[in-house]
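This report refers to the structure that appears directly beneath it.
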Amino acid sequence: MIIAFASLKGGAGKSTLSIHLAHAIALAKKRVLLVDADPQSSASSWAAARDSVAPFPVIGLARNTIHRDLPELLEAYDHCVIDTPPRVSAMARSAILAADLVLIPVQPSSYDVWAASETVELIKEAQQFKPAIKAAFVVNRRIGNSAIGKEIDSALADYALPVLKTAIAQRVVFSESSAGYTVMELSPSSAAATEIKNLAKAVLKLMGVSKW
Ligand SMILES: Nc1ncnc2c1ncn2[C@@H]1O[C@H](COP(=O)(O)OP(=O)(O)OP(=O)(O)O)[C@@H](O)[C@H]1O
Ligand SMILES: [Mg+2]
């Protein structure tokens, strides 16, 4: 399965969630490649910041031909996660075209909900060429029981795309993970690690498969 995290809104959580979903797939003992398709190189810098080898390989592929280049690269892998840039670009288009599933991280704020329209447009464009591309929202940085946190599902309903049942909360350990480790490494029995496990399960459910 090829899963791209896309959002034209900067800082929505694409890199954080890409890294963590890739680790969840690796923990299921599958060969997963994390493709860093963002010239900002967040995922590559994350891997480079580690003292130990990352639990999955990360390659930089910030080019416009990802959809053409990936099939050959993925021969040795079961799954692939792609981290994409926060700009309408040939690179973002190419990454979306390569995907079976595009996950759009949104923070529970009206700005994020409004800004999602551009990302949804980009996905719709790609679906003209490849109708099989699926897309869904994943709520990231949910804060406790805030009103907007509760309303986010209905706020997103206009886009007619599913919203994953499992949300990722705003947690210090996620920001700490940007220094080169995942929350499963930093705090394996934390609520954050459980949220990532649930995210992986929700992806499987959406794709109609029972395991990675
Ligand atoms: N659930 C969370 N809890 C706490 N901090 C988070 C969470 N998700 C992301 N962050 C932090 O928010 C910042 C932005 O996240 P991230 O880099 O993953 O977003 P992005 O969408 O990849 O950004 P860009 O558009 O610049 O590529 C980072 O500092 C990250 O550590
Ligand atoms: Mg990023």
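What follows is calculated from the coordinates using simple rules that are stated; it is not laboratory data. What you see is a predicted model; the values in this text were computed from it and never measured.
You can think of it this way: the chain between residue 187 and residue 64 has 40.6 nm of extra reach, that is 0.36 nm per residue less the Cα-Cα gap.
Averaging Cα coordinates gives a centre for segment 81-140 and one for segment 1-70; these two points are 15 Å apart. The phi-based Karplus calculation (6.51 cos²θ - 1.76 cosθ + 1.60; θ = phi - 60°) puts the 3J(HN,Hα) values of segment 56-73 at 7, x, 10, 10, x, 9, 7, 9, 8, 10, 4, 4, 8, 7, 5, x, 5, 4 Hz, whole numbers, x for Gly and Pro.
Seen through its C-alpha gyration tensor, with square-root eigenvalues sorted a ≥ b ≥ c, segment 2-206 comes out oblate because a/c lies at 1.5 or above while a/b is not bigger than b/c. Put simply, the amide H of residue 134, placed in the peptide plane, has neighbours under 5 Å in 101, 102, leaving out anything fewer than 5 places away on its chain. Remark: relative contact order (the chain) = 24 percent; criterion is Cα-Cα distance under 8 angstrom and separation of 6 or more residues.
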